[in-house]
1. Considering every residue within region A:305-318, establish whether at least one is in contact with a Phe, Trp or Tyr (Cβ under 8 Å, 6 or more places away or on another chain) and in a strand (DSSP E or B).
2. Could you pull out the residue among A:GLU226, A:GLU237, A:GLU153, A:GLU247 that is of a type in the set (Asp, Glu), part of a helix (DSSP H, G or I) and assigned by TED's automatic domain parsing to the domain that holds A:ILE100?
3. Within region A:367-377, is even one residue touching a His at 6+ places or on another chain (Cβ under 8 Å), in contact (Cβ under 8 Å) with a residue 12 or more places away in the chain, in the same structural domain as A:CYS275 (by TED's automatic domain parsing) and part of a helix (DSSP H, G or I)?
4. Please tell me if B:LYS62 is open to solvent by 40 Å² or more (accessible area, probe 1.4 Å), out of contact with any helix residue (DSSP H, G or I) (no Cβ under 8 Å at 6 or more places or on another chain), within 10 Å of chain A (Cβ to nearest Cβ) and within 25 Å of A:ARG284 (Cα to Cα).
5. Tell me, which residue of region B:1-43 that is modelled with pLDDT under 90 and in contact with a Leu (Cβ under 9 Å, 6 or more places away or on another chain) is nearest to B:LEU156 (Cα to Cα)?
6. For A:TYR334, are the conditions met, namely being surrounded by fewer than 17 Cβ atoms within 10 Å (Cβ to Cβ) and either modelled with pLDDT of 95 or more or under 18 Å from A:LEU239 (Cβ atoms) (or both)?
7. So in region A:163-177, with the set limited to residues that are open to solvent by less than 10 Å² (accessible area, probe 1.4 Å) and in a loop (DSSP other than H, G, I, E, B), which one is nearest to the other protein chains (Cβ to nearest Cβ)?
8. What's the number of the only condition in (1) open to solvent by 50 Å² or more (accessible area, probe 1.4 Å); (2) over 23 Å from B:TYR179 (Cα atoms); (3) within 14 Å of chain A (Cβ to nearest Cβ) that B:LEU53 fails to meet?
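The values are calculated or read from the model by the stated rules, or taken from the named source; none is laboratory data. Note that the structure is predicted; figures quoted are calculated from it, not measured. In this analysis, Cβ positions are derived from the backbone assuming ideal geometry, glycine residues included, and neighbour counts consider all displayed protein chains. Heavy atoms of the whole protein, side chains included, go into the accessibility calculation; ligands, DNA and RNA do not. Shrake-Rupley method; radii C 1.70, N 1.55, O 1.52, S 1.80 Å.
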Amino acid sequence: MHVIESGNVAAANGVKLARAHVVAAYPITPQTPLTEKLSEFVDAGEMDAEYIPVESEHSALSVCIAASSAGSRPFTATSANGLLYMSEQLHWAAGARLPIVMCVVNRGIGAPWTVWNDQQDAFSQRDAGWVQLFACDHQQIIDTVIQAYAIAETVSIPVMVCYDGYILSHTYMPFEIPDSDTVDGFLPAFSPEYALNPAKPCNLNTVTLPDIRPDVRGDTAPGYMEIRHNLHTDMREALNVIKTVDEKFYSIFGRGGHCFIEPYNCEDAEYIAVCIGSLSYQLRDVVDALRQDRIKIGVCGLRVYRPFPDEAIRETFKSAKGIIVLEKALSYGYEGALYADIKAALYDCDNRPFIHNYILGLGGREIKTQQLLDALRQSCTIDIPVPQWIGLKM
Amino acid sequence: MREDIIQIRWHGRGGQGAITAAKIVASAAFSSGFAGVVMTPTFGTERRGAPVLTSLKISKHKINDLSPITEPDMVVVFDHLLLKEVDVTNGLKEGGIIMINSPRPAADYSYKGMNVFTSDINSVASSVGLPPGIINTGVIGLFAKATGLLDLEPLLQAINIEFEGRNPEKNIEAARLAYENTMIGESR
């Protein structure tokens, strides 16, 4: 069934179809309508879930951690400072290997206060040990939320589904809500390997000494460092799982097929623009215009930020002359974090393309199509220092 | 940049239901074969009664640029008093359409090179028994008549769906009456 609704409503429908058992969230703009919609679903009996209104984001994720430890399928969502308030529990959820799914409705971080879009919030939590997926439109939001549970529960790693605040969260566009039975076939009920059980008390995630040691049964238990190593290797393995889940989703729903990088006009491209989120679709019109001027350019939207799809990046970019990375986030004192990651991934290529970096759209600064056109044309023509800023009024 | 996109800017006041009206038009456009419809409310620090605006883009193809409209083909004005507060014609293309909820005839308004349409929607809404201030469905009737972009029938169906359980009949009647009462100004 096709509907015309906001991105937040798309996300809420994904959570409903995924049959989340527990929803715990604290409202924050621009995430609020998502959790409001979920509370409506629960109130109307359309969703068989416990909605737990909490007093903070830290508590929201704590409730999800408890619910997931007990073997249920939890959901939460937040934005910006709310995500940062969760930060301690983000690391905990990943370390405890709990398959929680959370929507991050990307918004700039205060101070100074802003409610508008950029991606600094999600980028700042890059190293918390969560899988970070990004959606470019409403169809991808609902589809990715459903896939996120399949990925999380396969690798026992929590997953963030990120989408641009306002630009997607509050914009209305058509999308298809898949049939509930078909989603049930794709995403069976969660059956955890182990879960908290009052009949079998145990300690979870207690103090772990620097070195390995025998556990209560006398078996050698991993130390802190082995646990971290396992998280890393499983995170790398998550790349394969993301691909498998995408292939399965494609075979059932006929959507997807580009789980790491979504290319547009890249087959013969000498120059490729790269970014994350809805901007990659806006750039398609820009690329079309530049193609009319015989500039061989394409655009790629990165769908996964962690684990970093470095192989897919090398494969897609290896024969390009130039890569142009556009980011709504910045690693202060250096450059765009995505730019640095892409540069590192291409270090071993035989033909290293030049790489430019543009910072734009911070705190909701409007991104005009003409500005993008000028920036990309510039990057295809001359060498420039990095990072450049688009739309800066100084 | 893309010429296949029809751009409609909606000027209302916080609480007047401009977003709902634009959403209803978006739904009707989609069901009428426009695969690309994007409605982007412009958010700031809006309050009830303060001027707000919403962008609606319609195309036969998927729309990639979600940024607010700067050069509309048509503008919808929910309250003629807004004309004193907001430059509703800002960026309006030559030959563009201006639709105004106003008790005055369209001929009273003079916008060079533009086509003006008015309908007295406050009176229409009151005559069908809608509570004061519920004018957004009447505006849809004005829109249908002025633009000819969509048939009235899919718009009325979209109103019926959107207002399910909340007086859909009166809202449909308001849209139909406003459609019939729309006055056309001369192109100047």
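1. Yes, the conditions are met somewhere in region A:305-318.
2. Exactly one of A:GLU226, A:GLU237, A:GLU153, A:GLU247 is of a type in the set (Asp, Glu), part of a helix (DSSP H, G or I) and assigned by TED's automatic domain parsing to the domain that holds A:ILE100, namely A:GLU153.
3. no
4. yes
5. B:PRO41
6. Yes.
7. A:THR171
8. (2)
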